[in-house]
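The values are calculated or read from the model by the stated rules, or taken from the named source; none is laboratory data. Note that the structure is predicted; figures quoted are calculated from it, not measured. Glycine also receives a Cβ, built like all others from the backbone with ideal geometry; neighbour counts cover every protein chain displayed. Only protein heavy atoms, including side chains, enter the accessible area calculation; ligands, DNA and RNA are left aside. Shrake-Rupley method; radii C 1.70, N 1.55, O 1.52, S 1.80 Å.
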Amino acid sequence: MAFVIPAPPQPDLPVAGTDDSFPVRRVYCVGRNYADHAREMGHDPDREPPFFFQKCPDNLLVGGGDFPYPVKSGDVHWEIELVLALSRGGQNIPQGRALDHVYGYAVGLDMTRRDLQGEAKKMGRPWDVGKAFEHSAPCSALHPAARIGHPETGRIWLERNGALRQDGDLNQMIWKIPEMIEYLSGLFTLAPGDLIFTGTPAGVGAVQRGDVLNGGVDGADEISITVV
Ligand code: MN
């Protein structure tokens, strides 16, 4: 058997401090997981169960760097997020065992064409055009939980051109990581190689070409992109 076209490359994330790499299968994202961000987007954070969307593994911009301003948008937003990576999968994973499935953590940006997402929301259409575009998922190297543990608290922050724009704490997540894994694994069969972007605190906003974004999660990593 031969492929009739060259096989697409396997997306991956480097494992920090090693020459090893983590192959990526799917990229799940949770929406509105910090109350103050849900409010800034015009929603009531107390009423909603968690909901999810996906980006494509080949949307990853590994390690940050140059982020090309995407086509068909004039309102591209940053969202700094803690990202987790699964080493084990399954269905209906109970909260109490969820963290056993986590390989490690990274810091990512859920870059969003907010204007296209807004149109999709208004029309009752899928969010893909707003969320799953080229380079829309800048992501740092992975840090194994065996080395850094499972962060439950810690500052999550983002600066645009040196000015602080997002400044939250992981303890503000509405749905905690074990709850997220339990809920998501009730909807999908999770598998080794899956990533989950865990949501963003308040302070999202639009980038311009030339902007430098620096962000991080204390205890995990930092990431920087330049909008080109
Ligand atoms: Mn997000």
Whole-Hz Karplus couplings 3J(HN,Hα) for segment 196-203, θ = phi - 60° and coefficients 6.51, -1.76, 1.60, Gly and Pro as x, run 10, 7, 9, x, 10, x, 5, x
Per residue and in cubic angstrom, what volume does the convex hull of the Cα atoms of the chain have?
144 Å³
Taking R0 as 30 Å, what's the FRET efficiency between Glu119 and Asp12 from their Cβ-Cβ distance, rounded to 0.05?
0.35
Would you kindly find the accessible area of Glu134, with a 1.4 Å probe and non-protein molecules such as ligands, DNA and RNA excluded, rounding to the nearest 10 Å²?
120 Å²
When ligands, DNA and RNA are left out and all protein chains stay put, how many square angstrom of accessible area per residue does the chain have with a 1.4 Å probe?
46 Å²
Out of the total accessible area of segment 19-77 (probe 1.4 Å, heavy atoms of protein only), what percent is carbon and sulfur?
47 percent
Out of residues 5 or more away from Arg165 or on other chains, whose amide H comes under 5 Å of its own, with H placed 1.01 Å from N in the peptide plane?
Leu158, Glu159, Arg160
